[in-house]
Amino acid sequence: MKKHVILDLDNCIADDSWRIPNINWQKANPMERYHDYHSLSAWDRLCNARIAHDTRYHHVIFTARPVLYRAVTEEWLRRWGVFHEVLIMRNNEDHTPSVELKRRMLQWLPEHYGIELSNIEAAYDDRPDVVEMYKQQGINGQILSVHDVCAYTNPNKEAA
Ligand SMILES: [Mg+2]
């Protein structure tokens, strides 16, 4: 039986570095702050294709992108030939931090998708805190990233 591999999108298999300047830090609401950034994801190039195209595994995609961008995300995956069984996205206006969000997504696999956690070969994400969460859940978490630009902290603010 084929095992499953969990993949993140932004800065894991999608190179989002070029659109990070489109994050609008003036906006308090994350849906508005990241709207242009997410909208532009159609033009990302695929990275880490060796893992994204590995047909030995079924792919499960966990992304913190809101479902508002589902159509563009599915089309991007299709065009780059990233076959996947499951794509789970953040609900619109759900501002749960990524670690907790992906912990919940992980629990949904056995509950709603018939995928047992024991059948997951590995889980890839660019964020060390998310990878640590996977490890705590008994999953083989692996850091996989494209670049070192952070999309979660305002570059215009001095570090405390
Ligand atoms: Mg990411």
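Using the Cβ of Ser17 as centre and a radius below 13 Å, the other residues enclosed give a net charge of -4, where K and R count +1 and D and E count -1. For the chain, adding -39500 (n - 2.57) for each run of n ≥ 4 DSSP H residues and dividing by the number of residues yields -8000 deg cm²/dmol at 222 nm.
Figure legend: label point modelled 7 angstrom from the Cα of Glu100 along Cα→Cβ; residues of segment 27-43 with amide N under 18 Å from it are 29-31. Once the chain from Tyr152 to Gln107 is taken as fully extended at 0.36 nm per residue, the excess over their C-alpha distance is 13.7 nm. Multiply the residue gap between Trp18 and Ala71 by 0.36 nm, knock off their C-alpha separation, and tell me the result in nm, one decimal place. Gain on stretching Trp18 to Ala71: 17.0 nm. Site pair Trp43 and Trp25 shows an inter-label distance of 2.3 nm when each label is modelled 7 Å from Cα along Cα→Cβ. The fraction of all Cα pairs in segment 3-143 landing in successive 5 Å bins from 0 to the largest distance is 2, 10, 20, 24, 22, 14, 6, 2, 0, given as whole percents.
Computed from Cα positions, the angle between helix 70-79 and the longest principal axis of the chain comes to roughly 60 degrees. Taking one quarter of the surface of the convex hull spanned by the alpha-carbon atoms of segment 1-85 gives a direction-averaged projected area of 5.5 nm².
Each value in this text was obtained by applying a stated rule to the coordinates, not by laboratory testing. Just so it is clear, the model here is predicted, and its values are computed rather than measured. Using ideal geometry, Cβ is built from the backbone for each residue, glycine included, and neighbour counts are taken over all protein chains shown.
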